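Single-structure report; data block below.
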Amino acid sequence: MIAFASDAELLALARAGDDRAFGVLVDRYETAVAATVIGMLGRGDEAEDVGQETFIRFHRALHNFRGDSSLKTYLVHIAMNLSINALRRRRRALLRFVDEDDAVDVAPEPRVGPAGEVDAKELQAVVQDAVARLGAKHRAVVVLRLFHEYSTRETAQILGVPEGTVLSRLSRAMKELETQLAPYVQAGAALPETIR
Amino acid sequence: MTDPHPRFTSDDFGSDHPSAAIAALSALVRDGSPHGFDPGFRQRVLSSVKSHRDATIGAALERHFVRIVPLAAAATLLLAGYNWWGGRTTSETTLDAALNLPRVTLAAAYEPAQLFGATIAASENP
């Protein structure tokens with residue numbers, strides 16, 4: 001069954017022109033690419049376009065992929081670079097209509113269920129909103145380090161910065177996130193299983 | 001062996017973050033990460049890949065065509081010139097000469113050499 005084939009088998013089939021095998025790889029790594037792209041750009045058409053572009057570039061480079069890193073890391077690397085480029089384009093286009101130093105709104109009190117659980121969709125929206133309020137450099141570190149749980153070294157390699165820079169950016173980002181998400185951290189002891 | 005999913009320590013975030021708070025905040029952010037694009041993403045990717053591939057094939061064909069056409073035209077002109085030079089006295093028109101078409105008459109059409117080939121005709125008429 002092709003759905004249970006290993007990445008190496010699927011890659012070999014995709015290189016031979018099997019679109020079904022490539023489709024399985026897309027399914028398998030959609031979440032990783034989505035976490036990167038939506039984490040960096042927020043939900044919307046731009047994120048969808050960058051997500052598609054990530055897989056199109058991967059398809060174009062199928063024969064060049066040597067497997068030095070895992071496929072997930074390879075795709076996250078492409079997605080992160082494309083997202084950073086998209087942010088640069090967006091920045092040039094908007095010329096900052098909104099001041100980045102605007103006061104940060106703190107998240108409202110969470111709606112907690114009878115068993116103390118927090119609504120999954122509400123939580124996702126609040127977390128993504130809080131991450132989107134970070135500067136692009138801090139956001140990139142949060143996406144790689146917290147969403148994907150890459151190590152500091154892997155994060156540094158993907159972003160092409162020293163490990164110390166990753167640590168300082170992460171520390172600062174966590175302070176900002178802590179401020180914004182304080183009510184949810186307190187209620188987070190009873191997060192529903194569906195989002196674990 | 002290296003842990004593929006390293007957890008966080010307070011060293012990662014500075015000493016003013018207690019580890020319990022880090023763990024809670026990390027878990028919260030991780031749980032709130034986006035889980036996917038809108039439904040049908042796979043199909044949209046595959047159709048984009050297909051249209052990109054078609055465009056690539058079309059561009060490659062166009063590139064080869066543009067490269068080959070001048071060479072083919074030059075070769076055709078050379079051949080036509082060579083034919084015309086060789087047949088300018090025997091052919092009826094310039095076009096016939098360029099295409100290396102021999103003059104055709106009723107008598108010539110029924111000559112044995114024309115009907116069966118020069119070798120057979122030569123062996124029958126020593």
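Read-outs: derived from the displayed coordinates by stated rules, not from any lab. Nothing here was measured: the structure is a model prediction, and the numbers come from that model. Methodologically, a virtual Cβ is constructed for each residue, glycine included, from the backbone with ideal geometry; neighbour enumeration extends over all protein chains shown.
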Sequence of A:68, B:54, A:19 once ranked by neighbouring C-beta atoms within 10 Å, starting from the fewest: A:68, B:54, A:19
Ranked B:47, B:91, criterion: other C-beta atoms within 10 Å, fewest first: B:47, B:91
Per-residue ³J(HN,Hα) for segment A:9-14, Karplus 6.51 cos²θ - 1.76 cosθ + 1.60, θ = phi - 60°, Hz, x for Gly and Pro: 5, 5, 4, 4, 5, 5
Table column - 3J(HN,Hα) (Hz), segment A:136-141, Karplus curve with 6.51, -1.76, 1.60, x for Gly and Pro: 4, 5, 5, 4, 4, 5
Cα-Cα pairs of segment A:1-91 separated by more than 17 Å (percent): 46
Residues A:150, B:82, B:110, A:74, sorted so that the one with the fewest Cβ neighbours within 10 Å comes first: B:110, B:82, A:74, A:150
Whole-Hz couplings from phi, Karplus 6.51/-1.76/1.60, listed for segment B:28-41; x for Gly and Pro: 4, 5, 5, 5, x, 6, x, 9, x, 8, 4, x, x, 4
For segment B:27-100 versus segment A:144-160, the gap between their alpha-carbon centres in whole angstrom: 43
